[in-house]
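A quick write-up on the structure given underneath.
The values are calculated or read from the model by the stated rules, or taken from the named source; none is laboratory data. Since this is a predicted model, take the numbers as computed values, not measurements. Neighbour counts run over all protein chains shown; Cβ positions are idealised from the backbone, glycine included. Heavy atoms of the whole protein, side chains included, go into the accessibility calculation; ligands, DNA and RNA do not. Shrake-Rupley method; radii C 1.70, N 1.55, O 1.52, S 1.80 Å.
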Amino acid sequence: MSKDYLKNAGLGTKVINIGIDSDPTHGAVMPPIYLTTNYSFEGFGKKRTYDYGRSGNPNRDIIAEVIAELEGGVGAVMTASGLAALDLLWQDLPGNRRVVVPHDCYGGTQRLLNARARQGLIKVVYVDQGDDAAIEAALSEPTALFLLETPSNPLMRLIDLEKLIALGHKAGAKVAVDNTFLSPALQNPVRFGADFVVHSTTKYINGHSDVIGGALVCTTAEDVTLYRWWANCVGATAAPFDSYLTLRGVRTLFVRVRQQQQSAQSVAEFLYAHPKVKTVHYPGLPSHPQHELAKKQQAGFGAMMSFELAGGLEAVKQLFDHIELFSLAESLGGIESLIVHPASMTHAAMSAEALATAGISDGLIRLSIGLEEAPDLIAALERGLAQIA
Ligand code: PLP
C-alpha cells in the first residue's frame with residue numbers, strides 16, 4: 001500500500017510508521033525478519049529484488065529508509081559497526097585523498113584513520129575544530145573530506161556546523177558529520193549542508209546496548225549507490241537480525257532521548273554544585289561555553305556529559321570502587337546509565353600526547369544517562385562522591 005500520507009508527517013510519526021503493515025504475504029504488521037542468505041531467481045535471468053544477503057536484505061532496507069528519513073538524506077548504507085560506516089567514507093576519495101579531522105574525535109576513529117594513512121590510502125590532518133585559524137590553515141590546501149564530530153567525545157565541545165560545513169565546501173571538500181552523540185532526534189547536520197551523516201547505531205539509534213552497527217547517510221543518489229557498492233564489496237553490510245533489532249530500537253528514539261536528556265540536566269546541575277567536582281561539561285548548563293550555540297543548532301542538550309574531579313585519578317578510582325547503579329562500561333546511548341574513565345577506557349587507543357592535546361585529563365569521567373529515575377541516579381552519585389577521601 002502506498003504511504004503518500006507519510007510525506008507531510010512529522011519525524012516522530014515516520015520513525016514509527018515506516019515499514020509497518022508492509023508485508024504482502026501475511027499482512028504482518030511488524031516487518032518479518034528475513035534471515036535467509038539467498039533468494040531464488042524467478043527463472044533464468046529473472047532476478048527478484050534480492051539475490052544474496054550481503055548485497056541486499058529487506059530488514060536492512062527498512063532501517064536504512066528510517067535513518068535516511070530521520071537525517072534528511074536520500075538514502076543510507078547500513079553497516080556492521082559505526083567504524084565500518086566511517087571506513088566506507090575514505091574508500092573512494094578523489095584527488096589528494098586528504099582528510100581533515102578533529103583532534104578530539106572518537107579514539108577508534110583516530111586509530112582507523114591512522115591505520116589507513118599508514119597504508120597510504122589517505123592523508124590525515126588533525127585539527128582543533130574550536131580554533132578557527134587552525135581550521136582555515138588546515139583547509140587552505142585542497143581537501144577531499146572534512147569530518148566533524150559535535151559534541152565532541154568526551155569533552156562535549158560544540159562546533160558551529162553551519163560555519164564549518166561552509167568552510168569545508170569552500171576548500172572543495174565533502175563534509176561528513178558523526179552525529180552519534182546526539183542522534184537525529186536532537187541534531188540534523190544535513191540541515192546545515194552536510195554531505196554525509198555517520199552513526200554508530202550501536203548507541204542512541206538502537207538504544208538498548210545489544211547491537212553493534214553503523215549507518216552512512218548520503219545526500220545524493222550517486223553516493224548511496226557508490227557506498228552501497230563499497231559496503232557490499234568489502235563485506236561490511238549489517239546483518240539481518242541486527243537490522244531487525246535496530247529497527248525495533250529506533251522506533252522509541254524520540255521518547256527515550258527526551259526522557260534521558262531531562263534526567264541528564266538534573267544530574268549535570270547536581271554535579272555542578274558538588275564541592276568535589278571541578279568542572280562539568282554539559283551543553284545544557286548556562287556555564288557551558290557553547291550553551292547558546294547548542295540552543296541554536298540542537299533540538300536539545302542530549303544525555304551525555306563529562307566532569308572532572310578535583311582529586312584527579314585517585315578520586316576517580318575511589319568513586320569507581322563505590323559507584324552504584326551506573327555500570328562501569330564503555331559505549332553510550334543505551335537505556336542503562338554508564339560511567340567511564342575516558343583516558344584508560346574509551347580513549348585508551350590515543351597516545352598520552354594526543355590525550356593531553358585533546359584536553360582529556362586523568363580526572364575526567366564521562367556519563368551516559370539512561371532511563372532510570374533521575375533522583376536514583378543523583379543519589380548513587382552522591383553516595384559515590386561521599387566515598388572520596
Ligand atoms: N563514532 C563515535 C562518536 C563513537 O562514540 C563510536 C563508538 O563509541 C564510533 C563512532 C564507532 O562506533 P562502533 O563502536 O559502532 O564501531
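Look at the range 319-333: where a residue is not assigned by TED's automatic domain parsing to the domain that holds Thr202 and in a loop (DSSP other than H, G, I, E, B) and a partner is more than 16 Å from the ligand (Cβ to nearest atom) and open to solvent by 90 Å² or more (accessible area, probe 1.4 Å), sitting 6+ places away or on another chain with Cβ atoms under 8 Å, you get Glu324/Arg383. The residue that is nearest to Val177 (Cα to Cα), counting only those in the range 70-81 that are surrounded by fewer than 20 Cβ atoms within 10 Å (Cβ to Cβ) and more than 11 Å from the ligand (Cβ to nearest atom), is Gly72. With respect to Ile62, is the statement that it is in the same structural domain as Leu121 (by TED's automatic domain parsing), open to solvent by 10 Å² or more (accessible area, probe 1.4 Å) and modelled with pLDDT of 95 or more true? The answer is yes for Ile62. One residue alone among Thr13, Thr79 is polar (S, T, N, Q), over 30 Å from Lys174 (Cα atoms) and under 27 Å from the mean Cα position of the chain (by Cα), and that residue is Thr13.
Looking at this structure, is Thr279 touching a strand residue (DSSP E or B) at 6+ places or on another chain (Cβ under 7 Å), open to solvent by 40 Å² or more (accessible area, probe 1.4 Å) and under 25 Å from Val127 (Cβ atoms)? Here the answer is yes, as Thr279 does meet what is asked.
Selection of the range 313-344 for residues being touching an Asp or Glu at 6+ places or on another chain (Cβ under 8 Å) and at pLDDT below 95 yields only Ala343. Please verify whether the range 159-167 includes one or more residues that are within 14 Å of the ligand (Cβ to nearest atom) and over 15 Å from the mean Cα position of the chain (by Cα). Yes, some residue in the range 159-167 is within 14 Å of the ligand (Cβ to nearest atom) and over 15 Å from the mean Cα position of the chain (by Cα). Of the candidates Asp223, Asp242, Asp178, the single residue that is touching a residue at least 24 places away in the same chain (Cβ under 8 Å) and more than 14 Å from the ligand (Cβ to nearest atom) is Asp223.
When the range 184-220 is filtered for residues that are more than 11 Å from the ligand (Cβ to nearest atom), closer than 19 Å to Thr109 by Cβ and either touching a residue at least 60 places away in the same chain (Cβ under 8 Å) or not assigned by TED's automatic domain parsing to the domain that holds Arg98 (or both), the ones remaining, listed by number, are Gln187, Pro189, Phe196, Val197, Leu216, Val217, Cys218. Residues of the range 82-109 that are within 12 Å of the ligand (Cβ to nearest atom) and open to solvent by 30 Å² or more (accessible area, probe 1.4 Å): Leu83, Tyr106.
The strands (runs of 3 or more DSSP E) found wholly in the range 121-213 and carrying at least 1 residues that are of a type in the set (D, E, K, R) occupy 123-127, 145-149, 174-178. Can you confirm whether Thr109 is within 27 Å of Leu332 (Cβ to Cβ) and polar (S, T, N, Q)? Judged against the criteria, Thr109 is a match. When Glu353 is tested against (1) exposed (fewer than 15 other Cβ atoms within 10 Å of the Cβ); (2) over 19 Å from Gln110 (Cβ atoms), only condition (2) is not met.
Within the range 336-343, identify whether any single residue is under 24 Å from the mean Cα position of the chain (by Cα) and assigned to a helix (DSSP H, G or I), and answer yes or no. No, because not a single residue in the range 336-343 is under 24 Å from the mean Cα position of the chain (by Cα) and assigned to a helix (DSSP H, G or I). Being assigned to a helix (DSSP H, G or I) and open to solvent by less than 10 Å² (accessible area, probe 1.4 Å) is the requirement here; does Ala231 meet it? Yes: the conditions hold for Ala231.
Restricting Ile360, Ile365, Ile378, Ile335 to residues that are surrounded by fewer than 21 Cβ atoms within 10 Å (Cβ to Cβ), touching a His at 6+ places or on another chain (Cβ under 7 Å) and closer than 18 Å to Met304 by Cα narrows the list to Ile335. For the range 199-228, the set of residues classified as on the phi > 0 side of the Ramachandran plot and either of a type in the set (Val, Ile, Thr) or open to solvent by 10 Å² or more (accessible area, probe 1.4 Å) (or both) consists of Ser209 only.
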